[in-house]
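Read the structure below first, then the notes.
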Amino acid sequence: MDVPDNQILGMEKKHKLCFRSIQDMIPARAVLYLMSFSGFLVSFMMRTDINIAMVAMAKMRLRSENSSNSTELYCYTSVTNGTQSFKDQKLMEEGEFDWDSTVQSAILGSFYWCYILSQVVGGVLTQRFGTKTVFGFSQLTTGIASLLIPQAASLHFSAVIVLRSVQGMASGLTWPAMYALVGIWIPSNERTRFMSSFQGFSFGIGLTYMVCGFIIGNYGWRVVFYMNGSLGVAWCLLWWLLAFDLPHKHPRITRRELNYINANIGENIINTKDLKVPWCSIMTSIPAWSIGITTFGRIWVHYTFIIYGPSYMKTILGFSIQKNGFMNGAPFLCSYLSSVVFCYAADFIIARNLMSLTNVRKMFTAISQVIPGLLVLIIGYLGCQITLILIIWFVAVTLITASYAGAMANVVDIAPNFAGHILAFAQTIHMSASFLSPLATAIMLQDNPTLERWRRIFAVTACVACGTYVMYQFGGTAKEQVWNNPNRKNNSGSVRVSPENNQLIVNNKTDPERGDG
C-alpha cells in the first residue's frame, strides 16, 4: 500500500522535530563542558604517560656511597617476606635504556621548556584564530608526537627530548585558548563551576597512571604511547564537530540559551578582536603577578607528586609497576570530584555573600598549596607506615584542586576580556616550576635515591609552596582591573557584543530594561 507524499513529509518533519527537541534538551554549554573536560583529560594523558613509563623504560641506578648508612630501597624489607626473594616479587622492573638521572630529568622536563614559552603565543594565536582552531591543532600535534616516541626512544634519548619539546610547545597553547572561551560562553554566575571541567587533567593523570601501570606490566611501555596518541587524534575529530568559538555561531544552540548567555555574560565582556591587548598593563599588574607567583608554588608541589611520585613509590616504598600506577592514579581520579566540590562551595559562599570574592579566592588558594606543602613534608618522616603515607598522599593531591576555586578562577575575575592573555602571562611564570622541580629533584637525588635525600626534596617543596602563597595573600584581589575594558568611557556605561552582527553594544547600568541581545 502506497503512503501519500504529504504523509511521508509529515512523518519526516515529526522525526526531525523530535530529534531537534532532544538536542534542545542538552544545552550547548553542557556540550562545551564535556569537550573541555575530555580535552584536558586526553591532553594530560599524552603529557604524563612518560612519568609512569619511565619507571619501565630506564634502568634504575643505585650508587652505594656509604653502604653502612645508606637508606636506598628503604621499605623493601617491609614488603618482602622470608619465602620470596626480591627478584621473585619483581618489585623493581629492569628498564631497557641505560639513562642516568640527568638524562631522565631532561626527558621529563623537556616538555616544559617550550611549554612556558608558548603561553603568550597561545594567547595571541587564540585572539587571531579562535579557540577551536588553536586547541584542535595543539591536540593533534601532541597526539602525533606521542605516536612517534617509541621509535624515538630506540633511536636516541635526544630524539625523545625533541618530541617532548614539540608536545610541550603544542600543549602550551591549550590553557590560554580555553580560558578565552570561558569569558565568552559562560555566564559569570556559572564560571567557577565550569572551571571544574579543567580538572579533566586530574582525571587524565589518574587514568593514565592506573591504566598505563596495568598495560606496562602486561604488554610493555610502548603500547602506552600508541594508545594515548591514537586517543588524542580521535578526540580532535569530535572537537571539530562540536566546538564553536562564539555562542551565536553555534548551529544547534537554542534562542533561549543564547539570550540567557547574553543576559548573564557580564556587562564588560566584549569582542577582544576589536581591542588591543594591554600587555604593559598586564605585565605591570600586581594581581596578575600574584596569581603567577603563588601558582608557581602550587605547580611545584603538584609536579612533585605527578612527575616523581612513581619514582618515590618505586625506590622507597617498593611498589611494583601495577601497584605504583594504581596508588599514584587513584588520588588524581578523585581530584576531579574534589574540584567540583570546591567550585560549588565557592559559588555557594559567593552567592550568599558569606565572604568577599577576594577572600574566597585567597582561602581556596591557601587550601590548594599551603596544606599540601606541609603534608608532603610529613610524608618523608613517616618511614614505612605505608597506609598512613597513602592516606596523606591522597589528601594532599585532592586538596590541590581547590586552586580552581582560588587563584586559577581569579584570572577571569580581574579581566574577563583578557583572561587568556593573563593566563598566558601567569603560566609563563608558574609553569617554570614544572621543569625546575624535576631539575632540583635530579640534583638532590644524584642516582642515590635514599630516604634522607627524598626528605630534602619534600622540605624544599614545602618551603616553595608556602612561601609563594605570601605574595598572593598581600597582592591578590578579585576586583576587575580598569584596563579590562579600555572602550568604557565612564562608570555609567559598558560595552558588550551583539550575537546578531558581532558589533559592540553600549549598555547603561542604570537601565533596568537591558536587552538580551
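Things to note:
- Leading residue by the ranking (most open to solvent (accessible area, probe 1.4 Å)) among those in the stretch 198-220 that are more than 17 Å from MET313 (Cβ to Cβ) and aromatic (Phe, Trp, Tyr): TYR219
- Selection over the stretch 268-300 of residues that are at pLDDT 80 or above, in a loop (DSSP other than H, G, I, E, B) and open to solvent by less than 20 Å² (accessible area, probe 1.4 Å) gives a count of 1.
- Complete set of residues in the stretch 99-128 that are in contact with a strand residue (DSSP E or B) (Cβ under 6 Å, 6 or more places away or on another chain) and in a helix (DSSP H, G or I): GLN104
- In the stretch 226-244 there is at least one residue that is farther than 30 Å from MET54 by Cβ, open to solvent by less than 20 Å² (accessible area, probe 1.4 Å) and not polar (S, T, N, Q).
- All positions within the stretch 361-386 that are in contact with a Ser or Thr (Cβ under 9 Å, 6 or more places away or on another chain) and hydrophobic (A, V, I, L, M, F, W, C): PHE364, ILE367, VAL376, LEU377, CYS384, ILE386
- Subset of the stretch 129-186 [under 15 Å from the mean Cα position of the chain (by Cα) and outside any helix (DSSP H, G or I)]: GLY172, LEU173
- So THR254, is it open to solvent by less than 10 Å² (accessible area, probe 1.4 Å) and hydroxyl-bearing (Ser, Thr, Tyr): no
For (1) within 19 Å of ALA58 (Cα to Cα); (2) part of a helix (DSSP H, G or I); (3) within 28 Å of the chain's Cα centre (by Cα), each residue gets a yes or a no:
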{"site": "PHE214", "(1), (2), (3)": "yes, yes, yes"}
{"site": "GLY217", "(1), (2), (3)": "yes, yes, yes"}
{"site": "TYR226", "(1), (2), (3)": "yes, yes, yes"}
{"site": "GLY229", "(1), (2), (3)": "no, yes, yes"}
{"site": "GLY232", "(1), (2), (3)": "no, yes, yes"}
{"site": "CYS236", "(1), (2), (3)": "no, yes, yes"}
{"site": "LEU241", "(1), (2), (3)": "no, yes, yes"}
{"site": "PHE244", "(1), (2), (3)": "no, no, yes"}
{"site": "ARG256", "(1), (2), (3)": "no, yes, no"}
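- Residue pairs meeting the criteria (Cβ under 7 Å; at least 6 apart or on separate chains; first free of Cβ contacts under 8 Å to residues at least 60 places away in the same chain and more than 13 Å from CYS212 (Cβ to Cβ), in the stretch 312-332; second in a helix (DSSP H, G or I) and open to solvent by 10 Å² or more (accessible area, probe 1.4 Å)): MET313/MET327
- Selection count, the stretch 470-481, where residues are of a type outside the set (S, T, N, Q) and surrounded by 18 or more Cβ atoms within 10 Å (Cβ to Cβ): 4
Table: residues versus (1) modelled with pLDDT of 85 or more; (2) of a type in the set (S, T, N, Q); (3) touching a Ser or Thr at 6+ places or on another chain (Cβ under 8 Å); (4) surrounded by fewer than 22 Cβ atoms within 10 Å (Cβ to Cβ).
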| site | (1), (2), (3), (4) |
| --- | --- |
| ILE391 | yes, no, no, yes |
| ALA402 | yes, no, yes, no |
| HIS430 | no, no, yes, no |
| ALA440 | yes, no, no, yes |
| ILE443 | no, no, no, yes |
| ARG456 | yes, no, no, yes |
| VAL460 | yes, no, no, yes |
| THR468 | yes, yes, yes, no |
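- Across the stretch 333-360, the qualifying residues are those that are within 18 Å of VAL412 (Cα to Cα) and in contact with a Gly (Cβ under 9 Å, 6 or more places away or on another chain), and the one among them that is surrounded by the fewest Cβ atoms within 10 Å (Cβ to Cβ) is THR358.
- Counting the residues of the stretch 141-181 that are in contact with a Lys or Arg (Cβ under 8 Å, 6 or more places away or on another chain) and surrounded by fewer than 24 Cβ atoms within 10 Å (Cβ to Cβ) gives 1.
- Extreme residue, farthest from TYR303 (Cα to Cα), among residues of the stretch 86-108 that are at pLDDT 80 or above and open to solvent by less than 30 Å² (accessible area, probe 1.4 Å): PHE97
- When the stretch 361-389 is limited to residues that are open to solvent by less than 60 Å² (accessible area, probe 1.4 Å) and hydroxyl-bearing (Ser, Thr, Tyr), the one that is farthest from ILE299 (Cα to Cα) turns out to be THR365.
- Verdict on SER138 being at pLDDT 90 or above, buried (at least 18 other Cβ atoms within 10 Å of the Cβ) and of a type in the set (Ser, Thr, Tyr): yes
- Residue match in the stretch 482-491 (condition: modelled with pLDDT of 80 or more and either open to solvent by 10 Å² or more (accessible area, probe 1.4 Å) or within 19 Å of the chain's Cα centre (by Cα) (or both)): yes
- Taking the stretch 257-267 as the range and being open to solvent by 20 Å² or more (accessible area, probe 1.4 Å) and acidic (Asp, Glu) as the test, only GLU267 passes.
The values are calculated or read from the model by the stated rules, or taken from the named source; none is laboratory data. The shown structure was predicted, so the numbers you read here are calculated from the model rather than taken from an experiment. In this analysis, Cβ positions are derived from the backbone assuming ideal geometry, glycine residues included, and neighbour counts consider all displayed protein chains. Only protein heavy atoms, including side chains, enter the accessible area calculation; ligands, DNA and RNA are left aside. Shrake-Rupley method; radii C 1.70, N 1.55, O 1.52, S 1.80 Å.
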